[in-house]
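A.B. asks: Below you will find the structure I want to go over with you.
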Amino acid sequence: MNLLNSILYDTIYHSTPLILAVLGGLFAHKANVLNIGLEGMMLMGAFAATLFVYLTGSLWLGILISILLTLVLGLIFSFFGVTLKSNFIITGLGINIFVQAFSSFILKFMALSNINVSNIISVSALKIELPVIRDIPYLSSLLSGHTAITYLSLILIPVVSIIMFRTKFGVYVRVVGENEEAAKSVGISTVKIRYIAVLIGAVLCALAGANLATERMALFTNGMTSGRGFIAIAAIYCGRAMPVKSTVYALIFGLARSLAINLGLFAGPVSGLFEIVPYLMIVTVLFAVSAFEASHSRIRGFKNG
């Protein structure tokens, strides 16, 4: 029972940064912008939040500054990718490399191997126990005892769905992504919509990074995002940029990560092998989704023929 409770809790725990990156990234995806820079934006959120908590002693000020700095990254990406029409993949990889190098430089300049703020932030004090739910077996492990950003990520799933499919802005984003010329013909500023879409992703990636570094660990180490931004892109692709479906794929990765950690505790010397399970899972899911779509397209083409 304790093992199951741990797996349930850790599934949400490890899914939160991915859910936020997915929800942010799908706006750009719907606007036909491939934001490879999600990884770098998440790392900037983690680095800036921890650094400014370290410098100011305030968690919420650190998170606010991390959002502002990540928005700057979003503006840089948008300027090169949208305004100057540079290659999105090259621009995004440039963002990722820059953030990795920048955080490494600052750590060396400060003569630190990492940024530890555990003396400022009590991770256990940030966990919120939900009344009633905390007394329900299994459900309490799944939904209670998480942090504020975790609950925000869960609330954002239906909110993003409503914005995307029930608001004028959501319609504009989808029209820009599906037919740019049609959007221009009715007076929609495609550049403005794409900028906003990328900046929404930047904000949510900053929150994802802050959750990963400050709320969960009170510690920043360079490269701690470990490819989560790319996994978020994979989840968006698998879920066809639908908020709920894409979130499900993020949860699948979180579950795989949870299983790897919890089962690894019983594996002894070979526990390190379980670290590959989440990445093997996402590759398997990508292969299965791609194979299904290819076979579906062939069947549809055969019927139309």
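The values are calculated or read from the model by the stated rules, or taken from the named source; none is laboratory data. The structure presented is a predicted model; accordingly, all values stated were derived computationally and were not measured. Cβ coordinates were reconstructed from backbone atoms using ideal geometry, including for glycine residues, and neighbour counts include every protein chain displayed.
A.B. asks: From the set of residues in the stretch 103-132 that are part of a helix (DSSP H, G or I) and touching a residue at least 24 places away in the same chain (Cβ under 8 Å), which is nearest to Tyr13 (Cα to Cα)?
C.D. replies: Leu126
A.B. asks: Name every residue in the stretch 29-40 that is crowded, with 23+ Cβ neighbours inside 10 Å and either within 10 Å of the chain's Cα centre (by Cα) or on the phi > 0 side of the Ramachandran plot (or both), in order of residue number.
C.D. replies: Across the stretch 29-40, the qualifying residues are Leu38, Glu39.
A.B. asks: If I go through the stretch 107-140 residue by residue, how many of them are farther than 30 Å from Leu55 by Cβ and among the aliphatic types (A, V, I, L, M)?
C.D. replies: 5
A.B. asks: Six or more apart or on different chains, Cβ atoms under 9 Å: show the pairs whose first residue is in the stretch 1-28 and at positive phi and whose second is in a helix (DSSP H, G or I) and among the charged types (D, E, K, R).
C.D. replies: Final answer for the pair search is none.
A.B. asks: Out of curiosity, is Thr214 among the polar types (S, T, N, Q), over 11 Å from the mean Cα position of the chain (by Cα), buried (at least 21 other Cβ atoms within 10 Å of the Cβ) and modelled with pLDDT of 90 or more?
C.D. replies: yes
A.B. asks: Restricting attention to the stretch 210-249, which residues are of a type outside the set (A, V, I, L, M, F, W, C) and part of a helix (DSSP H, G or I)?
C.D. replies: If the condition is that a residue be of a type outside the set (A, V, I, L, M, F, W, C) and part of a helix (DSSP H, G or I), then Asn211, Thr214, Glu215, Arg228, Gly229, Tyr237, Pro243, Lys245, Ser246, Thr247, Tyr249 are the ones that fit.
A.B. asks: Spot the failing condition for Ala256; the list is (1) assigned to a loop (DSSP other than H, G, I, E, B); (2) closer than 18 Å to Glu275 by Cα; (3) at pLDDT below 90, and only one is missed.
C.D. replies: Exception for Ala256: condition (1).
A.B. asks: Within the stretch 141-209, considering only helices (runs of 4 or more DSSP H) that don't extend past its boundaries, which have at least 3 residues that are modelled with pLDDT of 95 or more and within 22 Å of Thr11 (Cα to Cα)?
C.D. replies: It comes to 148-166.
A.B. asks: Further question on the same structure: Which residues, counting only those in the stretch 163-183, are surrounded by 12 or more Cβ atoms within 10 Å (Cβ to Cβ) and aliphatic (A, V, I, L, M)?
C.D. replies: Within the stretch 163-183, Ile163, Met164, Val171, Val173, Val175, Val176, Ala183 qualify.
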